[in-house]
Amino acid sequence: MNSEHKNKSVLKELKVLYVEDEADAREQFTQFLNRIVGTLVVAQNGAEGLDAYLLHHPQIIITDIQMPVMDGLMMAQQIRKLDQNVPIIVLTAFEQVDYLKRSINIGINKYVTKPVNGFELHKALLECTQSLLTDEALRAAARTDLLTGLANRRELSDRFQEEKSLTERHGTCFSLIMLDIDHFKTVNDSYGHLAGDRILANIARTLTTSLRTEDICGRWGGEEFLLILPNINLSAAAIVAEKLRNAIGAMQTDWEGQTITVTISLGVAEFKAGTGMHECIAAADAALYRAKNGGRNRTELATEHLTTPGETSP
């Protein structure tokens, strides 16, 4: 599939906001846009457009400039305070020089001159779609571990903070599982690092298929993986950990005519409101250390009390 066809396909998945006060033009281009985009949200002035943006979070915005109540550039300026990345296409007449100067300062992405030609508007949408795809690819690369395709350490840290905020706001819970491949250095020494990489990738696939869609799974570093399990307490997380231990223990990796099997050790900790990521990771890591010292291929729970700042352990 070439890039233009890919962009057209992505357009059918996007939500677009169209803001136009003139009734005939609005009706004409509403029909046109409904044929090429996935979801179309229509507003009649900038104030309605701003409300629609806040409610629907469109991926692309198309707006006229001169409108009652709030003009298109004032709306765009308010949106830019909230979102620096959403593409904004402005419909403008040649004589609107002052508006064009304002639009440059606001950070408008594309201009389509009036009277609007459907081909030019479609072209602007496709160009914005390509920009969206590029930006999303860059953001995904920054969040993803290259070898396994899982979340990387940075993304895991961000997701931990999100879960911490949700948990403390709603009084729910979540748990962490830190797991480590047993004797992984021996595997690399015996079969080579490429074999080790394949094992890491296979473990990533096994973890992904064994977890719920809402669970967060990432590579913490080396042969260590970190899991964040929303709405799961310590005892339930221990059951998940044992399920993963058995699944990876049964996993077979074919390599140059040989079959490689590995085991994992796991440490489990439950988040306590008021603590931070460092404390929670340290508790899971200490449990993992006990699992390693206890003979490996086992799960240990963090049973020590996690203290909040200013609190003294019993």
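A short reminder: the numbers here are calculations on the coordinates, not readings from a lab. All values reported here derive from a predicted model rather than from experimental measurement. Quick reminder, even Gly has a Cβ in these numbers, built from the backbone with ideal geometry, and neighbours come from all protein chains shown.
Of note:
- Formal net charge of residues neighbouring GLY38 (Cβ-Cβ distance under 10 Å; K, R +1; D, E -1): +1
- For the pair ALA236 and ARG290 in one chain, pulling the backbone fully straight at 0.36 nm per residue adds 17.5 nm over the alpha carbon distance.
- The chain: DSSP helices with Cα axial extent of at least 27 Å and average Kyte-Doolittle hydropathy no lower than -0.5: 118-143
- Electrostatic bookkeeping for LEU266 treats Lys and Arg as +1 and Asp and Glu as -1; over the other residues with beta carbon under 12 Å from its beta carbon, the sum is 0.
- Restricting the calculation to Cα atoms, segment 25-124 shows an Rg/Rh of 0.92 when the hydrodynamic-style radius is the Kirkwood one.
- Rg then Dmax, both in Å and based on the Cα atoms of segment 153-301: 15.4, 53.
- Peptides ranked, highest mean first, by Cβ atoms within 10 Å: ranges 173-185, 201-213, 80-92: 173-185, 80-92, 201-213
- THR92 long-range amide H proximity, modeled H, under 5 Å: VAL112, THR113, LYS114
- Considering all C-alpha pairs of the chain, those separated by over 33 Å amount to 47%.
- The length gained by stretching the chain between ASP24 and HIS278 to full extension, at 0.36 nm per residue less their Cα-Cα distance, is 85.5 nm.
- Neighbours of LEU200 by Cβ distance under 14 Å: Lys/Arg scored +1, Asp/Glu scored -1, total -2.
- Relative contact order of segment 155-267: 36 percent, from C-alpha pairs under 8 Å at least 6 residues apart in sequence.
- Of the GluC sites (Glu not before Pro) found in segment 17-125, the ones in coil according to DSSP and having at most 11 other Cβ atoms within 10 Å of their Cβ are GLU95.
- Over the chain, DSSP H runs of length four or greater, each weighted -39,500 (n - 2.57), average out per residue to a 222 nm ellipticity of -16500 deg cm²/dmol.
- Within segment 186-271, GluC sites (Glu not before Pro) in DSSP loop having at most 12 other beta-carbon neighbours inside 10 Å: GLU214, GLU256
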